[in-house]
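The values are calculated or read from the model by the stated rules, or taken from the named source; none is laboratory data. Computed from a predicted structure; not experimentally measured. Virtual Cβ from ideal backbone geometry, glycine too; neighbours counted across all protein chains shown. What goes into the accessible areas is simple: the full protein's heavy atoms, side chains included, and nothing from ligands, DNA or RNA. Shrake-Rupley method; radii C 1.70, N 1.55, O 1.52, S 1.80 Å.
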Amino acid sequence: MHHTTPPSPHPYPEAAEPTPSVPPPDRPASPSVDEPTVPHPQAAEGHGRHALLDTEPGIAAPVLAAGAGLLKAMLVPVVTALAIGTAFVAVYLAAFHAPTAHHQPLGIAASDQQAARAELALNDSAPDAYTFHRYPSAAAARDAVAHDRVPAALVTEGNSTVLLAAGAQGPSTVGSLQAAATAAAGHPVAVQDVVPLASGDSRGLSVFYAAFGVVLAGFLFSVASYQIAPRLPLAARVASTVVFATASGTMVALIGHQALHALPAAFITVALIAGLLAMATATAAGVLLRLFGPLGMPVASVVLLILGNATSGGILPPSFLPPWLAPLAQIMPPAAAVRALRGAGYYHSAHLTGGLVLLAAWILGCLAVQYVLDLRAARKAAAAV
């Protein structure tokens, strides 16, 4: 018996379920330029079990495919932000919740008997708090304060005692020294301000805030630069950093010196110091981002924003820092900039040369490290070909 196979509705059996040539009426025939293609959830699973969906229009598919898993995306920001916040609170509270002097320089201009009595009284009230420097006359003590060799000096002539102090050190420093001198003398000691603060800086904190802002801007510049162009050639990166540093220095000088009269150093000096600080911070953050990869941002935050600014001496002199923090005040870029700005503005350019040299050393050192890292990466890539 001969059976006739009924004709197939499709000429090719393997194409039994062809893709409709006409798109559904609720979808356009092809995606327009302004409407990004939304990857199918199943397609995203090829890149990760919990790859993110395009819940926000305009996110490129490669970005979505590189997204972290759900658990990682939820926990990593929490851990990172909590670690940075904890470090900030711990360092600043440890440094400034109850600051006490440690070998704070203090001048004395008095007879040997009076000087010995004052030193003994100060040591009894606060052991190891002060390092004493004796001067032969009130004029010599005044000159030492004016050039920031000591922040203050006790001058005793007959039965009268006066504290020659630099108001540019800030009210907190002067107040603590006056209290110590009063306790040592056994009666109130008058303060004579040898180096008063600028008219636009009544609390002596403008230098600190200027430096803090520049450090923050340098950190953000470096993070943004590496996010946008992680493989930017070193020459182009240096050129971009120079433009940023020049603009930052000019901005600080225009606001702090010209507009508010809070930074009394010359305009070009303020611009130079702030510009070098911006470049030192940006290059240092760049090295940390390059060395530590994803951990570079929190590491740079702790090193530059937290430790760097806490040890800058902008709030209190380094002698008031805990012993474990004080050494950083001698080497960190913010401390160098604060010393240079204060020295140039108040103390006959004391500390200016040292601050500029230290900032330049940070810049050149970090650029050298960047160059070596680029050279190693290029050799590794050439060897792999």
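Summary table
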item: Pair GLN113, HIS187: separation of 7 Å Cα→Cβ label points (nm); result: 1.7
item: Cα-based shape type of the stretch 104-169, given that a ≥ b ≥ c are square roots of the gyration tensor eigenvalues and the cut on a/c is 1.5; result: oblate
item: Accessible area in square angstrom per residue, the stretch 184-255, 1.4 angstrom probe; result: 51
item: Semi-axes of the equivalent ellipsoid for the stretch 80-121, Cα gyration tensor, largest first, Å; result: 42, 8, 5
item: Prolate/oblate/rounded label for the stretch 240-385 (Cα gyration tensor, a/c 1.5); result: prolate
item: Inter-site label distance for SER125 and LEU364 at 7 Å from Cα along Cβ, in nm; result: 4.6
item: For the stretch 144-299, diffusion coefficient by Stokes-Einstein and Kirkwood Rh (Cα), 20 °C, 1.002 mPa s, µm²/s; result: 118
item: Sites ARG379 and ARG149 - FRET efficiency at Förster radius 51 Å, r taken between beta-carbons, to 0.05; result: 0.50
item: Extension gain, PHE267 back to LEU295 (0.36 nm per residue minus Cα-Cα distance, nm); result: 6.3 nm
item: Order by protection proxy (mean Cβ within 10 Å, highest first), peptides 86-94, 208-216, 193-201, 278-286; result: 278-286, 208-216, 193-201, 86-94
item: Full-extension gain in nm, THR250 to VAL79, via 0.36 nm per residue minus C-alpha separation; result: 57.8 nm
item: Cα shape, the stretch 128-198, gyration tensor, a/c 1.5 rule; result: rounded
item: Distance in nm between pseudo-label sites at GLN258 and LYS72 (7 Å out along the Cβ direction from Cα); result: 4.8
item: Alpha carbon centroid spacing (whole Å) that separates the stretch 119-148 from the stretch 199-257; result: 38
